[in-house]
Amino acid sequence: MEYKYDYDVVLSFAGEDREYVGKVADMLYALGIRVFYDKYEQVELWGKNLYVHLDEIYQKRSQYCVIFISKYYKEKLWTSHERESAQTRAFQQNQEYILPVRLDDTEIPGIRLTTGYIRGDSIEPEELALLVAKKVNTEIDVNLMIKYLKVNLPDDYEIYIKGTDLVFKSDSFDYYGEFPIRLLLEMYKMDMLDYMFLMPGIVPS
């Protein structure tokens, strides 16, 4: 498959918000989303002229840019540089590119209050990552997959997300198991979840 951009999504955030954003990045990576997150790019960034390189990344090389708005974000020079590069791209293409996530109510220059946003301070980072993934690729719908699994397993099964895994828990079967979401999602997209996961009895039913 040929991609128009090097990344599906780039993340712009202040270091003080890294704990939350890092979990978002980890889930996106687990879902197969090509994400630009500085910790994943340490070797690539080493020795680069970061002012020039990051302008290229945030303006030209991604399908979307997720900006994590907070009081810390407004104060940083590097986040201002990333935002201005992203805003240049948004202006040039005149269509949605910047996806704001509000961690608080700080107003950021150029991000209009009328722009649709997600409240990151009211949902878990993994849940936010699922929304971003679905924005990038509508086929990535973990919640729909969970509904499918619940229909095909006994009623007493609890199925929920834990980090980048999907947990299956049943008191009647005395069972607890964790499986990578990415693996299950690939089976689901290929319509092979029954044959490769359910029918072999990987989880008791």
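The values are calculated or read from the model by the stated rules, or taken from the named source; none is laboratory data. Since the structure is predicted, the reported quantities are computational estimates derived from the model, not experimental observations. A quick note on method: Cβ atoms are made from the backbone with ideal geometry, for glycine too, and the neighbour counts reach across all protein chains shown.
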Quick one: what pairs do we get from segment 158-175, first residue in contact (Cβ under 8 Å) with a residue 40 or more places away in the chain, second part of a strand (DSSP E or B), C-beta under 7 Å, 6+ apart or different chains?
Thr164/Pro180
For a quick check of your reading of the model, give me the residue pairs whose first member lies in segment 138-154 and is without any contact (Cβ under 8 Å) to a residue 12 or more places away in the chain, whose second is in a helix (DSSP H, G or I) and of a type outside the set (Gly, Ala, Ser), with beta-carbon atoms closer than 7 Å and at least 6 apart or on different chains.
Asp141/Lys134
Sole residue being outside any loop (DSSP other than H, G, I, E, B), of a type in the set (A, V, I, L, M) and over 26 Å from Asn137 (Cα atoms), chosen from Val43, Val66:
Val43
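Being free of Cβ contacts under 8 Å to residues at least 40 places away in the same chain and either of a type in the set (A, V, I, L, M, F, W, C) or crowded, with 16+ Cβ neighbours inside 10 Å (or both) is the filter here; which residues of segment 30-40 pass it?
Quick first cut of segment 30-40, residues free of Cβ contacts under 8 Å to residues at least 40 places away in the same chain only: 34-40.
Across segment 30-40, the qualifying residues are Arg34, Val35, Phe36, Tyr37, Asp38.
Could you pull out the residue among Val132, Val151 that is at pLDDT 90 or above, among the aliphatic types (A, V, I, L, M) and over 30 Å from Ile98 (Cβ atoms)?
Details: Val132 fails: over 30 Å from Ile98 (Cβ atoms).
Matching residue, one of Val132, Val151: Val151.
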Run Phe91 past the list (1) closer than 16 Å to Phe13 by Cα; (2) over 22 Å from the mean Cα position of the chain (by Cα); (3) among the hydrophobic types (A, V, I, L, M, F, W, C) and report the number of the one that doesn't hold.
(1)
Please verify whether Val101 is part of a helix (DSSP H, G or I), under 30 Å from Asn49 (Cα atoms) and modelled with pLDDT of 95 or more, treating the condition exactly as stated.
no
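Could we say that Tyr51 is at pLDDT 95 or above and at negative phi here?
Numbers: at pLDDT 95 or above: no; at negative phi: yes.
Taking the combined requirement at face value, the residue does not satisfy it.
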Evaluation of Leu184 against (1) surrounded by 18 or more Cβ atoms within 10 Å (Cβ to Cβ); (2) more than 30 Å from Val101 (Cβ to Cβ) (one fails), failing number
(2)
When segment 158-176 is checked residue by residue, the ones that are over 21 Å from Lys23 (Cα atoms) and assigned to a loop (DSSP other than H, G, I, E, B) are Asp171, Ser172, Phe173, Asp174
